[in-house]
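Bear in mind these aren't lab numbers, they're just calculated from the coordinates by the rules spelled out. Source: prediction; values computed, not measured. Reconstructed Cβ throughout: ideal geometry from the backbone, glycine too, with neighbour counts over all protein chains shown.
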Amino acid sequence: MPLPLNDRQFAFWRLRRTGLANVGIAERFSISRQAVSKALLAMDRKVEETLLAMAHANQIDVERLNAEIGVLFGHSVPFDAAAIVFVSADRGVQVWYEHEGDCGACPRYARCIELLWDYADELGIALTKTDDPTRMANELFAKLREVV
């Protein structure tokens, strides 16, 4: 089930994820707080369903899930590794497997750095380890685990 990334409900969800209260979202869109609350409840269900579907498709056993932030922590059965499924407002639903790799030799090095950097920015999380995707991911997801 793809998320409606250009939908108004998703816009509300993104704003709430940045810390804007429902009343602020309602004022920004000139609608009632009740309409915002109803839309966010529906969006949370869609996010949860999407995260669970992605986990199921990738054979990830769910450990923790937070639909308001858009993140699922679990364990990949086939890879025997920790796995994170997350919703990026700009990149859609992503799966990250915790691993130790030779990132410097990987052709996806820049893409991984950009993905993690963008996702951290979306969540307002400052990263100190920015030269290696594996270390960036470890830091980012450790900080996320603290709030989930």
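Taking max minus min of the alpha-carbon positions on each principal axis, the chain gives extents of 51, 31, 26 Å, largest first. In the range 8-147, a dipole from Cβ-located charges (positive for Lys and Arg, negative for Asp and Glu) runs towards its positive end, and of ALA89, LEU20, VAL71 it is LEU20 whose Cα lies farthest in that direction.
The angle between the Cα long axis of helix 8-17 and the longest principal axis of the Cα atoms of the chain comes to about 70 degrees, rounded to the nearest 10. For the chain, a crude dipole built from +1 on the beta carbon of Lys and Arg and -1 on the beta carbon of Asp and Glu, taken about the Cα centre, is about 700 debye to the nearest 20.
The angle separating the long axis of helix 109-123 from the principal Cα axis of greatest extent in the chain is about 30 degrees. In summary, the lysines within cross-link reach of LYS129, defined as a Cα separation below 21 angstrom excluding same-chain residues under 8 places away, comprise LYS143.
In the range 8-147, taking the dipole from charged Cβ atoms about the Cα centre, the farthest positive-side position among ALA55, ALA39, ALA105 is held by ALA39.
With contacts taken as Cα pairs under 8 Å and at least 6 residues apart, the chain reaches a relative contact order of 16 percent. Give the dimensionless ratio obtained when the Cα radius of gyration of the range 17-101 is divided by 2.2 N^0.38 Å. After normalising by residue count via 2.2 N^0.38 Å, the value is 1.30. Summing +1 for each Lys or Arg and -1 for each Asp or Glu among the other residues whose beta-carbon sits under 15 angstrom from that of ASP102 gives -1.
Between 0 and 90 degrees, the angle of helix 133-147 with respect to the longest Cα principal axis of the chain falls at about 40 degrees.
What are the lysines whose alpha-carbon lies under 21 Å from the alpha-carbon of LYS46, with same-chain residues fewer than 8 places away excluded? Once the sequence-local lysines are set aside, what remains near LYS46 is LYS38.
Here the range 81-148 has an Rg and Dmax of 11.2, 33 Å, counting Cα atoms alone. Here the range 17-65 has an Rg and Dmax of 14.5, 42 Å, counting Cα atoms alone. Per-residue ellipticity at 222 nm, computed for the chain from helices alone with -39500 (n - 2.57) per DSSP H run of at least four residues, works out to -16000 deg cm²/dmol.
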